[in-house]
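The values are calculated or read from the model by the stated rules, or taken from the named source; none is laboratory data. Only a predicted model underlies this, so the values are computations on that prediction, with no experimental measurement involved. All Cβ positions, glycine included, derive from the backbone under ideal geometry; neighbour counts span all protein chains shown.
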Amino acid sequence: MEGPVTHVADAAPYRALLHPPGARWIDVIDQRALPHARVDVRIDNVADAARAIREMWVRGAPLIGAVGAYGLAMALDDDPNDAALARAFSTLDATRPTAVNLRWALARVRDRVAPLHDALRAAAAWDEADRIAAEDVAINYAIGRHGLPLLRAIAARKHGGAVNVLTHCNTGALATCGFGTATAPIFLAHAQGIAVHVLVSETRPRLQGANLTTWEMRERGIAHTLVADSAAATLMRGGDVDIVLVGADRVTRNGDVCNKIGTYPKALAARDNDIAFYVALPSPTLDATLASGDDVPIEMRSDDELLWIGGRDEHGDIRRVRIAPEGTRANNPAFDVTPARLVSGLITEAGIVEASEAALRAAFAGHFRRGAAIG
Ligand code: MRU
């Protein structure tokens, strides 16, 4: 993002990632324990940073990017030479394939340190990772500012009645370094006294909606209701949804949107019911090297994520139970692609942009110029 980095205060009592100034580690919330327990974990080496991304202690495209950048800095603390840099880059890059923010952040740190003498590399990498994190906070705020008028217009139309926003997955402060992408207009609207009611789609199989988005809404005192993923279309048909706001893991040159599995059916239902379907993304999520969503590598995750489910039992104990018979096979793609034609608009730090190559090229010329540099 061009222009100065601005720091934005957010009252929420939690941050997904903290890097105390001068520290050679980061503290993150282990999101696997939420909502039943708040567990903070310290990461001070590249192996743990990679594990945290792969095993989803941390998740969400912008946050994965930031943790990847800090992981590279940690690797350079251990060994700053070219071979070590390349090894650490590949280790982190191989953790998860779909969210382009990871490779974008790794390439940015690598390009910053590659021309430097070994002795200067680690400090420069930590500084670049801090910049990536600070820019993400400012981008979250800009996305919120540009998305807010959408909610304000609905509130006015409803004469102050609650704006019913349907979300999918978790795109909040837990998925970023700030206060989120698709949640940013919601958080700002709430902060400005606009009545919002969030319909939180549970987001099987890992339940980012049921476990994380509900937790964030509760922490912030925002009205919300949990809904089954499969109920979303019926809620839209029944007039219970005013607008759909989702995030993205990769947006391609033509405006196709890759996001959490289950996003595409929501876009189809929104179109069928004439409901606005907006996608919020920071510009690092734009991948100008890919022509369309068909080119995006879709992560396939383990069958167990579908065959087992975790939660707290009536005694307060955390349990994991099998939901399908022994021997059942599963298919578990983690993301899907929503064609640009179903997207009402892309909410970015540069404003609301049409989901098309011409509009994206106009808004993010630098990305198209640098396209080949990602990776
Ligand atoms: O598998 P996850 O939890 O990393 O998937 C996250 C999503 O799909 C989010 O919608 C996306 O990364 C945007 S987060 C601001």
Residue among Ala99, Ala122 that is of a type in the set (A, V, I, L, M), under 22 Å from Thr263 (Cα atoms) and in contact (Cβ under 8 Å) with a residue 40 or more places away in the chain: Ala99
Pick out, from region 175-257, the helices (runs of 4 or more DSSP H) lying fully within it that include 1 or more residues that are at pLDDT below 95 and surrounded by 20 or more Cβ atoms within 10 Å (Cβ to Cβ). none
Would you check which residues across region 92-113 are outside any loop (DSSP other than H, G, I, E, B) and of a type outside the set (A, V, I, L, M) and list them? Asp93, Asn101, Arg103, Trp104, Arg108, Arg110, Asp111, Arg112
Subset of region 149-174 that is closer than 18 Å to Asp240 by Cβ and part of a helix (DSSP H, G or I) - its residue that is farthest from the ligand (Cβ to nearest atom): Arg157
Of residues in region 76-92 being of a type outside the set (Gly, Ala, Ser) and in contact (Cβ under 8 Å) with a residue 40 or more places away in the chain, the one farthest from the ligand (Cβ to nearest atom): Pro80
Identify, please: which residue in region 287-302 is more than 16 Å from the ligand (Cβ to nearest atom) and touching a residue at least 40 places away in the same chain (Cβ under 8 Å) and is, among those, surrounded by the fewest Cβ atoms within 10 Å (Cβ to Cβ)? Asp294
Which condition from (1) in a helix (DSSP H, G or I); (2) closer than 24 Å to Ala138 by Cα; (3) more than 13 Å from the ligand (Cβ to nearest atom) is the one that Pro284 breaks? (3)
Find all pairs meeting these conditions: Cβ atoms under 8 angstrom apart; at least six residues apart or on different chains; first residue within region 203-225 and over 15 Å from Glu305 (Cα atoms); second residue basic (Lys, Arg) and not in a helix (DSSP H, G or I). none
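Conditions (1) assigned to a helix (DSSP H, G or I); (2) at pLDDT 95 or above; (3) surrounded by fewer than 17 Cβ atoms within 10 Å (Cβ to Cβ), marked per residue:
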position	(1), (2), (3)
His7	no, no, yes
Asp27	no, yes, yes
His36	no, yes, yes
Ala50	yes, yes, no
Ile53	yes, yes, no
Gly65	yes, yes, no
Met74	yes, yes, no
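One line per residue, one yes/no per condition, for (1) over 19 Å from Leu207 (Cβ atoms); (2) of a type in the set (Gly, Ala, Ser); (3) without any contact (Cβ under 8 Å) to a residue 24 or more places away in the chain:
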position	(1), (2), (3)
Ala23	yes, yes, yes
Ile29	no, no, no
Ile43	yes, no, no
Ile53	no, no, no
Ile64	no, no, no
Gly68	yes, yes, no
Met74	yes, no, no
Restricting region 94-148 to residues that are farther than 30 Å from Ala162 by Cβ and among the acidic types (Asp, Glu), the residue that is nearest to the ligand (Cβ to nearest atom): Glu135
Name, by its number, the condition in (1) of a type outside the set (A, V, I, L, M); (2) farther than 21 Å from Gly65 by Cα; (3) free of Cβ contacts under 8 Å to residues at least 60 places away in the same chain; (4) touching a Pro at 6+ places or on another chain (Cβ under 8 Å) that does not hold for Glu305. (3)
